[in-house]
Amino acid sequence: MTCSIKPIAVFLLPVLAACTSTSTPSEMAQPWRSAGPIQPIETAQSETNPAIRGVWQSRGYGRVLRIDEAGVTQFEIGASCYSPVYSGEALSAMDSVSYRYFRTLPGGDSAIFQLLSGDTNVVFDRLEALPEGCTEDPVSTPPAVADAFLDAFDRHYAFFDRRPPGHATRAARVRAAIRPDMSEAELWDALAGYMHSLSDSHTKLIGNVGGERRRVQDGQGTTLPRMRAAEGGETAWLVGLIDTTMEKLGDTAQHTGNDRVVWGLIDGRIGYIQIFQMGGFTDRKDFGTEAWAAAEMNEFDRIMDEAMTAFAEREIESVILDLSNNRGGWDKIAKAIPARFTDEPYVGFTTVTRGSGLSPFPHMIEPESGPRFTGPVYLLTSDVTVSGGELATLALRQNPRVIHAGGVTRGSFSTPLAKRLPNGWLLELSNEVFAAPDGRVYEESGIAPQVPLEVYPAETPVEGHWHAVEALAAMINTH
């Protein structure tokens with residue numbers, strides 16, 4: 001693209017100026033195919049790369065970046081444009097990361113920005129200047145905060161068709177409650193009311209009200225709320241699950257990866273791997289950095305190499321992959337799991353962001369170069385399985401050697417879009433659509449297993465889990 005991007009009106013998204021494009025329609029819809037090599041935004045000398053300095057506006061994420069010698073300043077843009085006031089405290093994992101890398105597109109007027117190498121392709125277009133009205137001193141009155149909150153949902157939330165009622169109905173009850181002189185607590189309650197019954201665990205509001213940290217989040221499924229309300233709470237339940245699993249696996253049991261992975265052998269004949277989270281395998285605190293990413297992948301690969309090697313030495317014919325308590329995490333781990341169970345590359349799933357104008361991006365599952373298992377895999381899930389756990393499930397379901405058993409997954413796939421409101425509260429919402437290669441979307445509905453099994457029955461949530469594993473083992477023994 002050889003022309004520049006120009007804003008057309010205050011606070012409105014820019015449009016392409018009339019010009020002749022040298023890009024094909026395919027390149028414009030799939031820019032990752034023609035993007036240049038990945039480069040860090042900041043150099044080793046802690047200076048910004050001169051090639052990427054300027055003002056950039058995203059497609060579909062409602063963001064403007066001003067990159068100068070001093071660093072990167074992010075603005076939230078929609079009906080208003082502001083750089084949020086930060087207290088220095090991250091309110092969530094997604095709130096703690098920022099764009100670190102870029103890939104220039106032909107012509108230099110657009111670029112792909114990424115949090116980490118290989119992450120979501122977010123396309124930004126170069127602007128001639130910061131849009132008029134963008135401020136680093138946002139108005140934080142209740143009406144201004146409510147307007148920014150509602151505008152973010154209106155522009156970016158992707159699933160009102162699956163989680164009714166729609167925006168208009170929800171926004172009307174918020175607007176009816178908003179007053180200029182309302183208290184902070186009343187404003188919080190009004191915004192929380194918008195999210196009532198949304199049933200989306202990736203959409204949440206987090207903030208401090210009167211010195212107290214608050215959080216609104218719906219869509220936790222059935223099992224988790226029940227266990228959190230039970231005697232001993234969630235912790236006692238998880239300890240019971242791990243203790244029982246370790247006992248059943250006997251001398252072969254391995255509890256590793258910072259308590260995130262359990263693996264071993266069932267009756268010396270069936271391989272078993274349970275993964276509780278897509279990340280957190282190390283004690284590193286520098287989340288989102290390349291050093292963190294490398295350490296996490298190295299530890300995960302070490303664990304999987306060890307398990308797969310042990311399975312090969314024992315000539316295991318089948319593996320039970322237990323994601324029934326997987327809480328999600330890093331997408332790269334979610335794709336690394338199915339890569340251990342295939343000898344052919346394939347598309348595991350696709351992603352597209354609302355308002356980006358791009359084609360769905362195909363996420364390839366490439367066979368892992370290390371030890372792999374390519375026999376029958378019995379995948380176990382439940383309504384606790386969410387986010388990255390569901391991405392792994394979706395990718396595994398494209399493998400014909402995988403038999404999916406257990407319960408329906410949670411139905412919450414989208415990587416959260418984190419947006420600070422003018423008063424510093426954090427809104428996270430689902431703006432990315434994950435789909436199977438055939439286009440089918442499982443948001444809200446979840447992925448139904450081929451072999452239904454109750455995994456966490458209300459009366460016996462610990463024992464019932466291992467009964468489900470034993471049912472799978474019995475199924476394997478009859479084949």
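Determine whether the stretch 234-252 contains at least one residue that is part of a loop (DSSP other than H, G, I, E, B) and either in contact with a Pro (Cβ under 7 Å, 6 or more places away or on another chain) or exposed (fewer than 14 other Cβ atoms within 10 Å of the Cβ) (or both). No, the conditions are met nowhere in the stretch 234-252. Condition check for Ala339 on (1) touching a strand residue (DSSP E or B) at 6+ places or on another chain (Cβ under 8 Å); (2) on the phi > 0 side of the Ramachandran plot: one failure, at (2). Screening Ile8, Ile41, Ile52 for residues that are among the hydrophobic types (A, V, I, L, M, F, W, C) and at pLDDT below 80 leaves exactly one candidate, Ile8.
Can you name the strands (runs of 3 or more DSSP E) wholly within the stretch 110-221 that have at least 3 residues being over 30 Å from Ala294 (Cβ atoms) and free of Cβ contacts under 8 Å to residues at least 40 places away in the same chain? Full working, then the answer.
Numbers: elements: 110-114, 122-127, 204-209, 212-217.
Counting at least 3 such residues, we get 212-217.
Beta carbons closer than 8 Å, at least 6 apart along the sequence or on distinct chains, pair a first residue in the stretch 326-347 that is in the same structural domain as Val261 (by TED's automatic domain parsing) and among the acidic types (Asp, Glu) with a second that is at pLDDT 95 or above and in a helix (DSSP H, G or I) for Asp331/Gly388; Asp331/Leu391. For the stretch 440-459, a residue qualifies if it is surrounded by 21 or more Cβ atoms within 10 Å (Cβ to Cβ) and not aliphatic (A, V, I, L, M), and the qualifying residues are Tyr442, Glu443, Gly446, Pro449, Tyr456. Could you tell me whether Ala177 is over 26 Å from Arg63 (Cα atoms), modelled with pLDDT of 95 or more, surrounded by 16 or more Cβ atoms within 10 Å (Cβ to Cβ) and not assigned by TED's automatic domain parsing to the domain that holds Gly357? So Ala177 passes the test. Consider Thr353 carefully, then state whether it is over 18 Å from Thr381 (Cβ atoms), among the polar types (S, T, N, Q) and touching a Pro at 6+ places or on another chain (Cβ under 7 Å). The answer is no for Thr353. Would you confirm, using the coordinates I've provided, whether Pro422 is buried (at least 22 other Cβ atoms within 10 Å of the Cβ), over 22 Å from the mean Cα position of the chain (by Cα) and either among the small types (Gly, Ala, Ser) or in a loop (DSSP other than H, G, I, E, B) (or both)? In short, yes.
Within the stretch 283-320, the set of residues being among the polar types (S, T, N, Q) and either surrounded by 14 or more Cβ atoms within 10 Å (Cβ to Cβ) or touching a His at 6+ places or on another chain (Cβ under 9 Å) (or both) comprises Thr289, Ser318. The single condition among (1) more than 21 Å from Val408 (Cα to Cα); (2) part of a strand (DSSP E or B); (3) polar (S, T, N, Q) that Thr350 does not satisfy is (1).
So which of Ala79, Ala51 is among the aliphatic types (A, V, I, L, M) and assigned to a loop (DSSP other than H, G, I, E, B)?
On the way: Ala51 fails: assigned to a loop (DSSP other than H, G, I, E, B).
Going through Ala79, Ala51 in turn, the sole match is Ala79.
Regarding Ala468, is this residue in a strand (DSSP E or B), in contact (Cβ under 8 Å) with a residue 40 or more places away in the chain, touching an Asp or Glu at 6+ places or on another chain (Cβ under 8 Å) and aliphatic (A, V, I, L, M)? So Ala468 does not fit the description; no. Residue count for the stretch 39-56, restricted to those that are within 24 Å of Pro106 (Cβ to Cβ) and exposed (fewer than 12 other Cβ atoms within 10 Å of the Cβ): 2.
The condition of being touching an Asp or Glu at 6+ places or on another chain (Cβ under 9 Å) and either farther than 26 Å from Leu238 by Cα or buried (at least 17 other Cβ atoms within 10 Å of the Cβ) (or both) does not hold for Thr350. A residue that is modelled with pLDDT of 95 or more, of a type outside the set (D, E, K, R), closer than 28 Å to Leu115 by Cβ and part of a helix (DSSP H, G or I) occurs somewhere in the stretch 304-325.
The values are calculated or read from the model by the stated rules, or taken from the named source; none is laboratory data. All values derive from a computational prediction rather than experimental measurement. Neighbour counts are summed over all protein chains in view; Cβ atoms, including those assigned to glycine, are modelled from backbone coordinates with ideal geometry.
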